[in-house]
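This report concerns only the one structure given below.
The values are calculated or read from the model by the stated rules, or taken from the named source; none is laboratory data. Just so you know, these numbers come straight off a predicted model, no measurement behind them. Glycine gets a Cβ as well: all are built from the backbone with ideal geometry, and neighbour counts include every protein chain shown.
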């Protein structure tokens, strides 16, 4: 019941109760009772106006709501309760005119309290005639005007500030939820009735299913499923699960408007009202197509990494006997010039194949995030010189000139020397590949306070400007270079290795036919490494070496090479054969392949330790795998060193020159099975 209805009921009741009283007593009694009853109204202020809108009665609830006392407000126009801008716009007078013409009028808006603060109020004004006017009162500010003054108005005001703020907050929250639902990327959101009928349909749902909101409204949830899944009852089962448990999630096949099928991750959540009763269901669906494609790409990437590792390992096995054979030819005194010339050609091409194999292995490690390096203070001039010596035969064979400028005092960098040498060798090989016969390749190293800068330049065919960044992508090839096009992995690998060193690489070229320059930037090291003890001078001792490898060509060629180097050597082509030979040959060094079909190298090591117990023996692991993990495993198994195929004569000689273990062979540290 509104304030005006309360006031009207009070008037009627008082008039009936005062029937039969004297006019003076009747007026006083009515005024007193009317004020008391209106003062008792708690949630609504009711006051009276004369025909001109002047306040003539101001009960206690009005004082509590607006802050004015009856004495302060009596005789003021009702517009005093309105904002200045509303008064200027004539809103209070329009409200009075509407009530005068129609008998009553409503208004909801801002009102002004005595202290200047604002409140939101829902107000109603009703016209009253002479017979309805308040009984006459003796001029009291809170009393009632003379009934002979003419018609007036009764006004009720209810404070709705809190309710309006709550409604605004609820509307804002609703707008935020709708905005969020409309802008969720790649996610369909819709509201369902408890029986699964679609009520709302966001932009994500339109993009996912292809249906408009008008087409979707009123459709059952099964409308979104494939015909087979709908017939199998999958949407109904999901609805029942969500209603029973409060939520449900799963992967579903949904049918698009164009007939295509999309696999989605779907969820349903039960929505409850303020009383906790189920009201609706919120249904979401997210397209899994991209995630599935990424998963397939990731699986393909893992298979590629595995393939590259296997390919590189398998290539190393046949390269080992080829390397041994080349070394044998070089060491053979009576080999003719023609044979030596062929051996040099084989050696150069073999080194190129070895670099490609190593790059293939490292590409797999880079893409898997497993490229590991041990950074130590390293003399940079030594790294550069080693790389130059490795590329020099290739440059001489191509008739290319090499110009080198190194600082007199070598700077030091924190680096993995082998990896950094691999970078420089790749850059030099790349320069040689794209530089014609008779061209020039230059290497210039400059030192700054915090950096070491290396420029590798050539007079080759150069690069287009657009290709300067693209060439560092994996498998990138800018143009066909015929038989010397390569795999397109050297520069990508160089970039990854340098970034792991905290450095960078960039390419520059003046254009096609104008050569290229690759600049390597590395941070300088703050300290030099401790000087290693110099090896004792003298010739390496003569060793008795047992070579164990299931690849007969590799074992026999290695034994032949060892004999030419002045050692005694015997080959065994299986683990069992090695056990039989070892007891009679009594080797002081065993070069042992880790992967053999009958017994792994770890099993042969354990058996040889028992067979040669009490005899001083050096065990050298030989494998196509040479990662840090492979070396750790062989070291923990009891090997004295880990050598990687194809084995260079320098690496072999260094391993054989190492001191033989002082203590005789005993039991293996722990059984170690090949995984």
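Quick notes on this structure:
Every residue, every condition in (1) out of contact with any helix residue (DSSP H, G or I) (no Cβ under 8 Å at 6 or more places or on another chain); (2) within 14 Å of residue 620 (Cβ to Cβ); (3) surrounded by fewer than 18 Cβ atoms within 10 Å (Cβ to Cβ); (4) free of Cβ contacts under 8 Å to residues at least 60 places away in the same chain, yes or no:
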residue	(1), (2), (3), (4)
547	no, yes, no, yes
583	no, no, yes, yes
587	yes, yes, no, yes
591	no, yes, no, yes
602	no, yes, no, no
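- Checking 390, 417 one by one, the residue that is within 30 Å of residue 306 (Cα to Cα) and touching a strand residue (DSSP E or B) at 6+ places or on another chain (Cβ under 6 Å) is 417 and no other.
- Extreme residue, surrounded by the most Cβ atoms within 10 Å (Cβ to Cβ), among residues of region 205-218 that are without any contact (Cβ under 8 Å) to a residue 24 or more places away in the chain and either under 32 Å from the mean Cα position of the chain (by Cα) or under 10 Å from residue 190 (Cβ atoms) (or both): 206
Matching residues to (1) in contact with a helix residue (DSSP H, G or I) (Cβ under 7 Å, 6 or more places away or on another chain); (2) assigned by TED's automatic domain parsing to the domain that holds residue 550; (3) outside any loop (DSSP other than H, G, I, E, B); (4) modelled with pLDDT of 85 or more:
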{"site": "577", "(1), (2), (3), (4)": "no, yes, yes, yes"}
{"site": "580", "(1), (2), (3), (4)": "no, yes, yes, yes"}
{"site": "599", "(1), (2), (3), (4)": "yes, yes, no, yes"}
{"site": "629", "(1), (2), (3), (4)": "no, yes, yes, no"}
{"site": "653", "(1), (2), (3), (4)": "no, yes, yes, yes"}
{"site": "674", "(1), (2), (3), (4)": "yes, no, no, no"}
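- Filtering region 604-625 to residues that are over 22 Å from residue 559 (Cα atoms) and in contact with a helix residue (DSSP H, G or I) (Cβ under 9 Å, 6 or more places away or on another chain) leaves only 606.
Residue-wise test of (1) surrounded by 11 or more Cβ atoms within 10 Å (Cβ to Cβ); (2) touching a residue at least 60 places away in the same chain (Cβ under 8 Å); (3) over 23 Å from the mean Cα position of the chain (by Cα).
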{"site": "260", "(1), (2), (3)": "no, no, yes"}
{"site": "276", "(1), (2), (3)": "no, no, yes"}
{"site": "293", "(1), (2), (3)": "no, no, no"}
{"site": "301", "(1), (2), (3)": "yes, yes, no"}
{"site": "322", "(1), (2), (3)": "yes, yes, yes"}
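- Meets criteria (farther than 14 Å from residue 545 by Cβ and outside any loop (DSSP other than H, G, I, E, B)) for residue 584: yes
- The listed residues are 387, 410, and the only one of them that is assigned to a loop (DSSP other than H, G, I, E, B), within 42 Å of the chain's Cα centre (by Cα) and not assigned by TED's automatic domain parsing to the domain that holds residue 348 turns out to be 410.
- The single condition among (1) in contact with a strand residue (DSSP E or B) (Cβ under 9 Å, 6 or more places away or on another chain); (2) over 16 Å from residue 505 (Cα atoms); (3) in contact (Cβ under 8 Å) with a residue 40 or more places away in the chain that residue 433 does not satisfy is (1).
- Set 442, 446: member being surrounded by 16 or more Cβ atoms within 10 Å (Cβ to Cβ) and either at pLDDT 95 or above or in contact with a strand residue (DSSP E or B) (Cβ under 9 Å, 6 or more places away or on another chain) (or both): 442
- The C-beta contact set for region 224-251 (first residue within 19 Å of residue 272 (Cβ to Cβ), second residue outside any strand (DSSP E or B), distance under 7 angstrom, 6+ apart or interchain) comprises 239/196; 239/221; 243/194; 248/238; 248/241; 248/242.
- Among (1) modelled with pLDDT under 90; (2) in a helix (DSSP H, G or I); (3) in contact with a strand residue (DSSP E or B) (Cβ under 9 Å, 6 or more places away or on another chain), the one test that residue 134 misses: (2)
- Some residue of region 509-520 being farther than 27 Å from residue 624 by Cα, at pLDDT below 80 and in contact with a strand residue (DSSP E or B) (Cβ under 8 Å, 6 or more places away or on another chain): no
- Residue within region 638-650 that is part of a helix (DSSP H, G or I), modelled with pLDDT of 80 or more and not assigned by TED's automatic domain parsing to the domain that holds residue 362 present: yes
- Every listed requirement among (1) in contact with a strand residue (DSSP E or B) (Cβ under 6 Å, 6 or more places away or on another chain); (2) touching a residue at least 24 places away in the same chain (Cβ under 8 Å) is met by residue 61 save one, (2).
- Residue that is surrounded by fewer than 16 Cβ atoms within 10 Å (Cβ to Cβ) and either part of a strand (DSSP E or B) or modelled with pLDDT under 90 (or both), where the choices are 43, 115: 43
- Inspection of region 475-488 finds no residue satisfying the criterion of being on the phi > 0 side of the Ramachandran plot and modelled with pLDDT of 85 or more.
- For the criterion of being under 30 Å from residue 320 (Cα atoms) and modelled with pLDDT under 90, residue 542 passes.
- For region 562-572, residues that are assigned to a loop (DSSP other than H, G, I, E, B) and out of contact with any strand residue (DSSP E or B) (no Cβ under 8 Å at 6 or more places or on another chain) total 2.
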